[in-house]
Amino acid sequence: MNTKKIIRQLREECPGSRIMRNKDKIPAKVSIGCGGTFDFIVGNCSTPTEFYVKNNLDWLYRLIKQPWRFKRVIKAFPLFPIKLFLSVLTINRIDCK
């Protein structure tokens, strides 16, 4: 088998972990976990209304339509800005030396 790329929709909390666990068994040079991207491409998911898009609230629309995402969003929402802030502080400290 001479496979160069594998693109797979993985419905799980962290699709990258499955790819990493099985990287030695996958006969491809590139593996991509796409998550819900295929759902949008084939039309299984409705797209957010103009209001959500204009106000950068696409994530809220998906949360309303897919409430099982709540735990992941609540976990990521406060953590990302905090990690970003701390990384900026670290970079600035390094630059000042």
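Close Cβ contacts (under 6 Å, 6 or more residues apart or on different chains) running from residues in segment 41-55 that are in contact (Cβ under 8 Å) with a residue 12 or more places away in the chain to residues that are part of a helix (DSSP H, G or I) comprise Cys45/Asp39; Pro48/Asp58; Pro48/Tyr61. In segment 28-58, the residue that is surrounded by the fewest Cβ atoms within 10 Å (Cβ to Cβ) out of those that are of a type in the set (Gly, Ala, Ser) and part of a loop (DSSP other than H, G, I, E, B) is Gly43. When both residues are 6+ apart or on different chains and their Cβ atoms are under 6 Å apart, which pairs have a first residue that lies in segment 57-71 and is over 13 Å from Thr47 (Cβ atoms), and a second that is of a type outside the set (A, V, I, L, M, F, W, C)? From residues that are over 13 Å from Thr47 (Cβ atoms), the pairs are Leu63/Arg69. Condition first: out of contact with any helix residue (DSSP H, G or I) (no Cβ under 8 Å at 6 or more places or on another chain), surrounded by fewer than 10 Cβ atoms within 10 Å (Cβ to Cβ) and β-branched (Val, Ile, Thr). Can you find one or more residues in segment 59-75 that meet it? No.
Every read-out reported here was derived from the displayed coordinates using simple, explicitly stated rules and does not represent laboratory data. Everything numeric in this text was worked out from a predicted model, so none of it was measured. Glycine gets a Cβ as well: all are built from the backbone with ideal geometry, and neighbour counts include every protein chain shown.
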